[in-house]
Amino acid sequence: MKPPALLAALLLLPASLAPAGEVLAFGPAYSFAAPQTEVSATVEAPSWMWPLTPRPDVLRDFDPPPKPWLSGHRGVDLGAVSDRAEVIAPAAGTVSFVGVVVDRPVIAIDHGNGLRSSFEPVDSTLTAGSVVAAGQVVGTLVPGHCAAASCVHWGVRRGDDYVNPLQFVMDLRPSILLPLG
């Protein structure tokens, strides 16, 4: 086989072995895939409130795993001014869960249209089925999630998929620069 044909065969071999629909991962320096954004096309503009006041710092960003069963960060950690800070409903909804998951108190709110948000570690006196308004206090932050700071973990799911909660409070759509004139 001629050297150029051999080189082409070697370069195409991994692609022929990849399962249909899978993107090959060559590492960051050799990635041929366009970067994926977590902003959903169904969210046109941010319309929710921040779950903490004043507007919190994001201490840890959304970092979903490439496969649902792998480890990752399926929400964001928001810095609170102190332990026992009030956590508010970012949008109207119905409380779908209040209880302990593993060793942390959690509250989850169903916002309709397949969107559910959850907050931990948060103590709440509400019960499943309670209707909440946007901006209503739903619980108080308890220490224990972030080692060095007071923080709440905020997760949002659309159906069975975790999505970036920040897309509901910040405009994460990409900026597009247009030519002048």
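Overview of values
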item	result
Accessible surface, per residue, of the range 116-181 when the full set of protein chains is kept, probe 1.4 Å, Å²	55
Protein-only accessible surface order, largest first, of Thr94, Thr125 at 1.4 Å	Thr125, Thr94
Residue-wise HN-Hα coupling along the range 143-155, computed from phi with Karplus coefficients 6.51, -1.76, 1.60 (Hz; x: Gly, Pro)	x, x, 7, 9, 5, 9, 8, 7, 7, 10, 8, 10, x
Mean Cβ count within 10 Å, highest first, over the residues of peptides 49-59, 107-117	107-117, 49-59
Sequence ranges 150-157, 85-92, ranked by mean other-Cβ count within 10 angstrom, highest first	150-157, 85-92
Sites Trp69 and Asn113, calculated FRET efficiency, Cβ-Cβ separation with R0 25 Å, nearest 0.05	0.45
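The values are calculated or read from the model by the stated rules, or taken from the named source; none is laboratory data. A quick note: this is a predicted structure, and the numbers were derived from the prediction, not measured. For neighbour counting, all protein chains shown are included, and Cβ atoms are generated from backbone atoms with ideal geometry for every residue, glycine included. In case anyone asks, the SASA skips ligands and DNA or RNA and just uses the protein heavy atoms, side chains included. Shrake-Rupley method; radii C 1.70, N 1.55, O 1.52, S 1.80 Å.
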